[in-house]
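This report refers to the structure that appears directly beneath it.
The values are calculated or read from the model by the stated rules, or taken from the named source; none is laboratory data. Fair warning: this is a prediction, and the values are worked out from it, not measured in the lab. Backbone-built Cβ (ideal geometry, glycine too); neighbour counts: all protein chains shown.
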Amino acid sequence: MDRDAAGAILSVDLEAFQANYRTLDAASGGAICGAVVKANAYGLGLGPAAKALHAAGCRHFFVAHLGEGEALRAILDDVEIQVLHGANRGTEDRFRTARLFPVLNSLDHVEAWRESGGGPAGLHLDSGLSRLGLSDCEIETLAREPERLAGIDIRLISSHLASSEDRDAASNPEQRARFEARRALLPPAPASLAASSGVFLGPEYHYDMVRCGIALHGVNPTPDRPNPMRQVVTLTAKILTVREIDPGEGVGYGLTWRAPARRRIATVSMGYADGYIRALGNVAEAAIQGRRVPVVGRISMDLITLDVTEVPSCALGFGAPVEMLGPTISLDELATAGGTIAYELLTGLGARLHRAYVGEVDA
């Protein structure tokens, strides 16, 4: 969607994105700083994001699915790419062709990879999250029967923290202890436990590699402290119409908001089809020239209504920009208003948005 045809514009500051990578890399001590670029680089666009990270020095990447790994390999040739969901049976040759490493999450994964010929792979251990990862029983089986790993070159043994954003959570040291005990039963290999927030729990969580994702995009990995990350994303919609309404008149489907006095309402050209979720109706704010304005009424598929009574008329022309997310309205704030997390907002940003990339990225 080109800029003129789109109803809203997503601007991505690639220099800030790179600066965030360097901040995380420095905070990781001597550990390798890998980048998670699944879900189209969290909605930013895989190509520009991956190239920016590569220019900043990143050489280790993580995606969720085979298709994402193949797309990333077509962009970057000299990097290591691990696929977090492993290799489905019948896809093993595609992994080898694209030089992708599956992360093996169960004995079934291990068996399928070994039977297909083996090769480089990661091992994921469940240290308490109870989603993916080898269970205690499966790890003990591998310890008793090491031949099950024959032909598999283990490049990384990893696990994932459940509450790393809460530095006082008891589960953090508990999971670290479980991770250490379980990986001690397996062949020696580099280890990884921390994602974005885990980087800031201290060097005992860094191991050999950290896997950073959401913090790269400017979301605060330390919610109880000032945000060390730079803002990356700005989402701007365009004003379509402005109208005056009388006291008591309603706005939007269901008329869930009514004017307490004569008010001026602007309608802007984006909605939940673009990733601005319905839960933000009547609770979120937007900004016009740095002045906050409330979102009023329900969010519809393509339209959002704002109370712009306090905004000068000169800023409210047809096509005038409205900041829905950016320097005034942060991702963290918007997610809190909608009762969700920044991950959901970012990854839900729709294909109708025009994506503009700001800043030069060296080859």
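Kindly provide the set of residues from the stretch 30-50 that are surrounded by fewer than 20 Cβ atoms within 10 Å (Cβ to Cβ), touching a strand residue (DSSP E or B) at 6+ places or on another chain (Cβ under 6 Å) and either outside the structural domain of Ile75 (by TED's automatic domain parsing) or assigned to a loop (DSSP other than H, G, I, E, B) (or both), ordered by number.
Across the stretch 30-50, the qualifying residue is only Gly45.
For Thr97, indicate whether it is more than 25 Å from Glu145 (Cβ to Cβ), touching a residue at least 12 places away in the same chain (Cβ under 8 Å) and either out of contact with any Phe, Trp or Tyr (no Cβ under 8 Å at 6 or more places or on another chain) or not assigned by TED's automatic domain parsing to the domain that holds Gly151 (or both).
For Thr97, the condition - more than 25 Å from Glu145 (Cβ to Cβ), touching a residue at least 12 places away in the same chain (Cβ under 8 Å) and either out of contact with any Phe, Trp or Tyr (no Cβ under 8 Å at 6 or more places or on another chain) or not assigned by TED's automatic domain parsing to the domain that holds Gly151 (or both) - is not met.
Regarding Gly248, is this residue surrounded by fewer than 15 Cβ atoms within 10 Å (Cβ to Cβ), part of a helix (DSSP H, G or I), outside the structural domain of Ala27 (by TED's automatic domain parsing) and on the phi > 0 side of the Ramachandran plot?
So Gly248 does not fit the description; no.
For every residue, the table says whether it meets (1) under 21 Å from the mean Cα position of the chain (by Cα); (2) in the same structural domain as Leu185 (by TED's automatic domain parsing); (3) among the hydroxyl-bearing types (Ser, Thr, Tyr); (4) at positive phi.
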{"position": "Glu92", "(1), (2), (3), (4)": "no, yes, no, no"}
{"position": "Ser106", "(1), (2), (3), (4)": "no, yes, yes, no"}
{"position": "Trp113", "(1), (2), (3), (4)": "no, yes, no, no"}
{"position": "Ser116", "(1), (2), (3), (4)": "no, yes, yes, no"}
{"position": "Leu132", "(1), (2), (3), (4)": "yes, yes, no, no"}
{"position": "Glu138", "(1), (2), (3), (4)": "no, yes, no, no"}
{"position": "Glu145", "(1), (2), (3), (4)": "no, yes, no, no"}
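Considering only residues of the stretch 166-189 that are more than 27 Å from Gly119 (Cα to Cα) and of a type in the set (A, V, I, L, M), which is surrounded by the fewest Cβ atoms within 10 Å (Cβ to Cβ)?
So, considering only residues that are more than 27 Å from Gly119 (Cα to Cα) and of a type in the set (A, V, I, L, M), the one surrounded by the fewest Cβ atoms within 10 Å (Cβ to Cβ) is Ala170.
Tell me, which strands (runs of 3 or more DSSP E) lie completely within the stretch 291-363 with 1 or more residues that are modelled with pLDDT under 95 and touching a Ser or Thr at 6+ places or on another chain (Cβ under 8 Å)?
Counting at least 1 such residues, we get 354-358.
When you go through (1) modelled with pLDDT of 95 or more; (2) assigned to a loop (DSSP other than H, G, I, E, B); (3) on the phi > 0 side of the Ramachandran plot; (4) of a type outside the set (Val, Ile, Thr) one by one for Gly254, which number turns out not to apply?
So Gly254 meets the others, but not (2).
Residue check, Arg211 against (1) out of contact with any His (no Cβ under 9 Å at 6 or more places or on another chain); (2) under 26 Å from Gly45 (Cβ atoms); (3) not aliphatic (A, V, I, L, M), all met but one. Which one?
Just one mismatch for Arg211, condition (1).
Please work out which one of (1) outside the structural domain of Glu204 (by TED's automatic domain parsing); (2) among the acidic types (Asp, Glu); (3) crowded, with 23+ Cβ neighbours inside 10 Å is the condition Asp4 fails and give its number.
(3)
Which of the residues belonging to the stretch 253-280 are more than 12 Å from Asp307 (Cα to Cα), surrounded by 20 or more Cβ atoms within 10 Å (Cβ to Cβ), out of contact with any helix residue (DSSP H, G or I) (no Cβ under 8 Å at 6 or more places or on another chain) and of a type outside the set (D, E, K, R)?
Met270, Gly271, Tyr276
Look through Ala215, Ala121 and report the one residue that is without any contact (Cβ under 8 Å) to a residue 60 or more places away in the chain and not acidic (Asp, Glu).
Ala121 is the lone residue from the list that is without any contact (Cβ under 8 Å) to a residue 60 or more places away in the chain and not acidic (Asp, Glu).
Would the stretch 192-208 turn up any residue that is touching a residue at least 60 places away in the same chain (Cβ under 8 Å), surrounded by 21 or more Cβ atoms within 10 Å (Cβ to Cβ) and in a helix (DSSP H, G or I)?
Taking every residue of the stretch 192-208 in turn, at least one turns out to be touching a residue at least 60 places away in the same chain (Cβ under 8 Å), surrounded by 21 or more Cβ atoms within 10 Å (Cβ to Cβ) and in a helix (DSSP H, G or I).
Which residue pairs have Cβ atoms under 7 Å apart, sit 6 or more places apart or on different chains, and have a first residue in the stretch 150-171 that is over 22 Å from Thr222 (Cβ atoms) and touching a residue at least 40 places away in the same chain (Cβ under 8 Å) and a second that is assigned to a helix (DSSP H, G or I) and among the basic types (Lys, Arg)?
Correct list of pairs: Ile152/Arg114.
List every residue pair whose Cβ atoms sit under 7 Å apart, with the two residues 6 or more apart in sequence or on different chains, where the first one lies in the stretch 324-339 and is under 9 Å from Ala287 (Cα atoms) and the second, anywhere, is assigned to a helix (DSSP H, G or I).
Sorted first by the residue in the stretch 324-339, then by its partner, the pairs are Leu325/Leu331; Leu325/Leu334.
Is at least one residue of the stretch 152-165 touching a helix residue (DSSP H, G or I) at 6+ places or on another chain (Cβ under 8 Å), surrounded by fewer than 18 Cβ atoms within 10 Å (Cβ to Cβ) and assigned by TED's automatic domain parsing to the domain that holds Leu100?
Within the stretch 152-165 (the criterion being touching a helix residue (DSSP H, G or I) at 6+ places or on another chain (Cβ under 8 Å), surrounded by fewer than 18 Cβ atoms within 10 Å (Cβ to Cβ) and assigned by TED's automatic domain parsing to the domain that holds Leu100), the answer is yes, since at least one residue qualifies.
When only residues in the stretch 297-313 that are hydrophobic (A, V, I, L, M, F, W, C) and crowded, with 23+ Cβ neighbours inside 10 Å count, which is farthest from Pro327 (Cα to Cα)?
Ile299
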